[in-house]
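Before any comments, here is the structure.
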Amino acid sequence: MKLTTLLLTLSFAFCTSSIAQHIKINKKNLTFLKNEQAINVVFNYDNHTRGGDQISELKYIEKRKKRQVVINKDPDTWFTHYQNSKNINWKNAYVDNLNQYLKKYQAPEFQLNATLKTKYTMLVNVLWIYSGYDVGAAKWPSKITLRVELIDNTTQKIIETINIKKAQGENSDLDNESKYSNLRLVNNAFKKAGFKLAITLQRVLKKKK
């Protein structure tokens, strides 16, 4: 029993370490985090591309709307769900998971609050989204690429840039029961990105006593 627990602990430590090693950071640039209570998070979707052919968001929306018509669904209903996912759900998934995996560390609380007055801002630039698919036996994870910039609000200087490449999302059976399961796939990729960043930031933060 003790051996099994030890092996599981070592396996988890190895996995989290491997994830963190994929993301390069300058630790000295991030020492300020331990002194902050809160940091505002802002998302920027401008000019991000979609899919393997890296089309614009506008073309992606046009394709998805046409697809809804083909399968006898209302394209406007899909678009409403898409906007809600993009502007609310995906952002919350990222921030919630980031905070979740930092709760045992002396870390600031990352918040989606435009009125929040903080010394620093985390600007999440969404560069690329691949929606993936999960239909029966045919499955392929969603993927997103982000460029995260930590900015000094006084000087507007970028203190550190962190690149999160191809964070993957997979659906559970419950996710696949949702009306638009492909939107949930992308949601899970944003959750994974928040997790990957949290594991990376743990390298510069101390655990709470």
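The values are calculated or read from the model by the stated rules, or taken from the named source; none is laboratory data. This one's a predicted model, so the numbers in the text were calculated from it and none came from an experiment. Neighbour counts are summed over all protein chains in view; Cβ atoms, including those assigned to glycine, are modelled from backbone coordinates with ideal geometry.
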Would you mind telling me which numbered condition in (1) surrounded by 14 or more Cβ atoms within 10 Å (Cβ to Cβ); (2) touching a Phe, Trp or Tyr at 6+ places or on another chain (Cβ under 7 Å); (3) in contact (Cβ under 8 Å) with a residue 24 or more places away in the chain G52 fails? (1)
How about the range 96-107: which of its residues are in contact (Cβ under 8 Å) with a residue 24 or more places away in the chain, surrounded by fewer than 21 Cβ atoms within 10 Å (Cβ to Cβ) and either among the hydrophobic types (A, V, I, L, M, F, W, C) or farther than 21 Å from N44 by Cα (or both)? Q100, Y101, K104, Y105, Q106
List the strands (runs of 3 or more DSSP E) inside the range 125-204, counting only whole elements, that have at least 2 residues being more than 21 Å from S85 (Cα to Cα) and polar (S, T, N, Q). 158-169
Give the residues of the range 119-143 that are loosely packed, with under 13 Cβ neighbours inside 10 Å and in contact (Cβ under 8 Å) with a residue 40 or more places away in the chain, sorted by residue number. none
Which listed residue, of I71, I88, is within 30 Å of V204 (Cα to Cα) and either without any contact (Cβ under 8 Å) to a residue 12 or more places away in the chain or crowded, with 16+ Cβ neighbours inside 10 Å (or both): I88
From L116, L174, which residue is without any contact (Cβ under 8 Å) to a residue 24 or more places away in the chain, over 30 Å from K59 (Cβ atoms) and out of contact with any Asp or Glu (no Cβ under 9 Å at 6 or more places or on another chain)? L174
I39 passes all but one of the listed conditions (1) surrounded by fewer than 15 Cβ atoms within 10 Å (Cβ to Cβ); (2) under 30 Å from R203 (Cα atoms); the exception is number (1)
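Conditions (1) on the phi > 0 side of the Ramachandran plot; (2) touching a Pro at 6+ places or on another chain (Cβ under 8 Å), marked per residue:
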site	(1), (2)
L33	no, yes
G51	yes, no
L58	no, no
F79	no, no
N87	no, no
Restricting the range 144-185 to residues that are among the polar types (S, T, N, Q) and within 20 Å of P108 (Cβ to Cβ), the residue that is surrounded by the most Cβ atoms within 10 Å (Cβ to Cβ): T161
Just for the range 2-36: of the residues that are loosely packed, with under 10 Cβ neighbours inside 10 Å and modelled with pLDDT under 50, which one is nearest to A198 (Cα to Cα)? T5
